Structure formats: C-alpha cells, structure tokens
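Below you'll find the structure, written out as structure tokens, and then a few comments.
The values are calculated or read from the model by the stated rules, or taken from the named source; none is laboratory data. All of these numbers come straight from a predicted model, not from anything done at the bench. Reconstructed Cβ throughout: ideal geometry from the backbone, glycine too, with neighbour counts over all protein chains shown. All accessible areas refer to the heavy atoms of the entire protein, side chains included, with ligands and DNA or RNA removed. Shrake-Rupley method; radii C 1.70, N 1.55, O 1.52, S 1.80 Å.
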Amino acid sequence: MTHDHDLVLRPTAAQTEAALAPPAGRNGGDLVVETLSGLGATTVFGLPGQHALGMFDALRRSSLRYVGLRVENNAGFAADAYGRITGEAAPLLLSTGPGALMSLAALQEAAAASAPVLAIGSQVPSAGLGGGRHGYLHELRDQQASFRDIVKSVHVVRTASQIPSAIAAAWESALTAPHGPVWVEIPQDVLLAATTLPVVTAMDATPDDVVPRPELTAVAADLLSNAARPAIIAGGGVVRSDASGKLLALAEKLDAPVVTTFGGKGAFPWEHPLSLQSWLEDRHTTDFLESADVLLVVGSGLGELSSNYHTFAPRGRVIQIEADLGKLESNHPALGIHADARLALSALLETVSDREDPSAATSVRNVLEAVRARIDSQELTLEQRILASVREALPDDSPSFWDMTILAYWAWSAFDARRPNTMHSAQGAGGLGYGFPAALGAAAADPSRPVLAVSGDGGAMYSLAELATARQYGLPVTWLIVDDGGYGILREYMTDAFGEATATELARPDFVALAESFGVPAVRTSPDSLSEDLAKAFARPGPSVVVLPALLRMFAPTHL
C-alpha cells in the first residue's frame, strides 16, 4: 500500500549541500525575491521607500527585471495591465503608509477588472505594530485594514520563515478565478535582518480550478437547446479565462446572438453574423436582450454599465456563469453556476444540442441598423471619424488602454477590438489616470508590438510623470491625448443636469513641448491627420505622444 507521505520528493545530495550552505549576505528581502522567482515571476513593478529598501536591495542579487514608476498608483496600474496581458500575477513592491495608500485606487481597478496583482508592502518595524502610537515614520494603526475591503486576501508576515509561504499563498489567491489583487505586508526589520535560511527554490502555488457542478450545466444545456430565442451576454470573465473560442463555438452551435460587455471587448468577433457588438447603452439592444426566452450571461455580474444603468429587466430564464460568488445572482435571479467561464463553456459545448435559427442573423442586423440610425440622427460624425482613425492606425494585435474620457466611452460601445484581450479600460472602478501607466505595463509584458494609450487632458495630468518612465525604459507606447480643455464628460453631465458646469475647466501645459522635454517625440495632430500621425508613432521605436485638440460629445443616453 502506498501512503501520501511516501510520495514526498526527497532532496538530492547536491540540493541538501546547497541548502546547508546558503550564500552569505542575504536578508528577508532576498527571501521575497527568491520566492517570486521560484513562483515564475520575471518582472516586478514598484517604487522604493524607506521601510522597503531591503526588498529593493535584494533585487540586485536576483534575475528579476524591475520597472520603476514615479507614482505608486501608476505602478499599480502598470502591474494591473501586465497581469491582464500575461495572465500571470504581477508583483508590485511598495513602501509603508503613504506609498502603500497611494496604490489603493489602482488595486480597486484591479479588483473590479479581475487583474492578478501581487502587492507586497513593507511595514514599520515590528516594535511599532499592534495599534499603539509609537511615532514611526509612515506609521498606521492598522495598515492592512486599508486594503482588506479592496483585495481578495491579506497575508501578514511577522518572521522571515513566514515569507515564502505567505507570498506563495498570496500568489495562489491572485490566480484563483476570479483573478484579483492581493496584499502581503512585511515589517522593515524582518526585511533587513540577515538570514541563514536556505535559498528558496521552486514553489508550488497552483490555483485550484473553479469547476461547474454537472447537474447545473445539464439543466443549462437543456434550457439552451430548447430555447426559442436564446441570447448570450459575454463579459470580462470570457476574456480573462481565454474562453473566446469556446464562446464562438457555443454561439454557432446554438445560433444565439452575442453581445459583449465593455469589459468583454474582443470576446466575440465584431463582424460575425451573430454579433450584437457592444451597444449595451442602447435601448434597442436592451429590448432585444429582454425578449430572449433564455439568456446566458457568461463572466459578467450585469452591473451598472452592462445593464444599461440597471434598466435591463429580462423576461426570460437567465443562466449566469460567474467565478465571483459575490456577483452570482447579485442583480437578477438566475440559474447561477459558480465556475470559471472556460470550464463551464466547455461543459455546455459537450452537452447542448445543435439548433438552427435562420432568423437570428436577421434579428441581429435589425438591431444594429436601429442602433446605427439612432446614432446617425445625432450629428456625431467627428466622434465616429476619430474613432475610425484610431482603429485604422492601430495594428490588430496591439493592445490599447483607455482612460475615463469621452473617446473611451465611445470606444466601449463602438470600437472593434478585433482580438481578445487587446482592449482595456478603467471602467471597472472608474478612476482617472489609468491609460498611460497601464499601457507601460503592457509594453513591459511584450515590447515586440506597439501599445496605445488614450487619455483626455484631465486624465493625462495624473500620469505626466510617467513620461520619464517611458523614456527610461524605452517602452513602445503611443499616448493619444484628446485635449478639450477640461474634464469633458463631467462638463457634459453637469451642463445637462444643472444648465452649466462647475470645476471642470482646466489650465494645462503644452503637451507637445512637455513630452519633448522628457525626450519623447510628440506631435500636435488634427482629425484629418490623426490616422497618419498615429501610424507614424506606432512605427517608431520607444514612446511617442500625439495630441489631438478636439471637443467631443457623447451620444444621447437611453436609460433616462
């Protein structure tokens, strides 16, 4: 009989000798970077600070590549994008107090978008912990409490021997569906203390799959197979789980129209006969989805933006596949299936029956024609022309990162992402300043292709310091700044609601001259030359800035 303990791998003689004689000069910081390397990390983001110097000094003795940004929140956005692009946990090294707290908005976006970020922050020395007021620099009474409501899990280290296990547990948490940010904190003295612990080698932190219950997928398959008017809403979970191919196969097997949420852009081919594209902020789309007798929602919680601001009221049976238990049936009663999107779609593909519906493609065309007629009636040719110019210039496989700005709101509905996992925005938490630092993180993940960042002038002001980062690392990011002299969407909201806008007008720099002062090539463009100027920037190595002075308007909402 074989017992579990008989299967434990025993070290070789060479491994034993190496463990008994670890190299001198190591400290707790070395255990951090060794653990990260053992887990498979290759790149870390962050910004040094007094209590975290043990980690940063240890980077010198590691093979990890460090990408340092100028503001912690921007470093968090960069790590978020790296996690989205690679599907790997992105280490984010932070200092205590102000440095740690500066990352909170970025970690909120990572949580909303299910981006795997492994944030490792320092703490004041152990003597200063426990909630007293000892007067240490950066001291907080309960630093981890600031993160607990945002991240998936919190992991607290108090001794050097706890470091590898805590980081491995955090890594596993970040990569368990749904992906998300996690927080590890280590006191300064633990990071700086010399250690004779063995060098950390390979760590096993393989996340468990979130597998659907077979009796639930059997019921879902029966409902879909016998539906008269099935439809599918595909969210960001489809993209995160790399399930776009499964979604396409299922939609074609069922002849079911598909709409993608703004977080699910690219999950379904834009020009496919069954594609309703992403026009979720349109009553024609809402009405069509409400009329489905069976609606399959995959990887979406049907939140505010995905439900036309909670005006969506399905009349048929809803099936919801969602890896985040907090989102499962949180907005609509459904046959709730707690599962990773890829695994659940695979199960459905194996069990649904083929159905043919020649009218499905016609229904899709009718909806899109009605949407188009509504948009065309509003004389918004400039906005559509600019978006078309961006699409024309951007290579199909290049990722794009959009800040919270009017052109991005257009892109949510009207931009063809063309490839899964290529269009990303801050629509999860909705904070400003995401576009440019996130694009830097994506370029660090894959510098072989150009990356696009899109910001308004207001959002751009959050990220100007990162022009130095882009230049220092030669990252191939083209930053399109649409300059309308203020917070354009807030100006529009306030004017509509109150008759005039307050606190929306902004003084701003000459963005072209400012970029050039960082050594970053820049050009002022126009709607006529935008596509050409973007194409030139994409073809140039390293970073570029393209400034477009333009006053854009949003299309009229349908939820009011």
### Task
Taking A221 as meeting all but one of (1) in contact with a strand residue (DSSP E or B) (Cβ under 9 Å, 6 or more places away or on another chain); (2) assigned to a helix (DSSP H, G or I); (3) small (G, A, S), write down the number of the exception.
(1)
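Matching residues to (1) surrounded by fewer than 22 Cβ atoms within 10 Å (Cβ to Cβ); (2) among the hydroxyl-bearing types (S, T, Y):
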| site | (1), (2) |
| --- | --- |
| G266 | no, no |
| H284 | yes, no |
| R342 | no, no |
| D354 | yes, no |
| T362 | yes, yes |
#### Entry: Residue in segment 260-269 that is without any contact (Cβ under 8 Å) to a residue 40 or more places away in the chain, in contact with a Ser or Thr (Cβ under 6 Å, 6 or more places away or on another chain) and part of a strand (DSSP E or B) present
yes
### Query
Among A408, A444, A426, which is touching an Asp or Glu at 6+ places or on another chain (Cβ under 6 Å), open to solvent by less than 10 Å² (accessible area, probe 1.4 Å), within 25 Å of G180 (Cα to Cα) and among the hydrophobic types (A, V, I, L, M, F, W, C)?
A426
### Task
Show the residue pairs that are 6+ apart or on different chains and have beta-carbon atoms under 6 Å apart, the first residue being within segment 303-329 and closer than 23 Å to W412 by Cβ, the second being assigned to a strand (DSSP E or B) and open to solvent by 10 Å² or more (accessible area, probe 1.4 Å).
Q320/G336
### Query
Across segment 66-104, which residue is surrounded by the most Cβ atoms within 10 Å (Cβ to Cβ) among those that are in contact (Cβ under 8 Å) with a residue 40 or more places away in the chain and of a type in the set (F, W, Y)?
F77
### Message
I'd like the full set of residues that are touching a Lys or Arg at 6+ places or on another chain (Cβ under 9 Å), open to solvent by 30 Å² or more (accessible area, probe 1.4 Å) and hydrophobic (A, V, I, L, M, F, W, C), limited to segment 516-550.
### Response
F518, V523
### Query
Across segment 306-315, what is the total count of residues that are surrounded by fewer than 18 Cβ atoms within 10 Å (Cβ to Cβ) and not aromatic (F, W, Y)?
4
### Summary
Among strands (runs of 3 or more DSSP E) completely within segment 288-399, the ones holding 2 or more residues that are within 30 Å of P181 (Cβ to Cβ) and touching a Gly at 6+ places or on another chain (Cβ under 6 Å) are none
### Task
Go through segment 123-165 and count every residue that is under 27 Å from P207 (Cα atoms) and either in a loop (DSSP other than H, G, I, E, B) or open to solvent by 60 Å² or more (accessible area, probe 1.4 Å) (or both).
12
### Query
When segment 175-221 is examined, which residues are found to be without any contact (Cβ under 8 Å) to a residue 60 or more places away in the chain and either among the polar types (S, T, N, Q) or more than 22 Å from V154 (Cα to Cα) (or both)?
T176, T206, E215
## Note on the structure
By my count, helices (runs of 4 or more DSSP H) wholly in segment 41-108 with at least 1 residues that are hydroxyl-bearing (S, T, Y) and under 20 Å from A438 (Cβ atoms) are 72-86
### Task
Check E304, E252, E290 and return the single one that is closer than 26 Å to V117 by Cα, out of contact with any strand residue (DSSP E or B) (no Cβ under 7 Å at 6 or more places or on another chain) and not hydrophobic (A, V, I, L, M, F, W, C).
E304
### Near pairs, Cβ below 6 angstrom, 6+ apart or cross-chain, from segment 518-542 (closer than 16 Å to A453 by Cα) to any residue that is β-branched (V, I, T) and assigned to a loop (DSSP other than H, G, I, E, B)
D533/T525
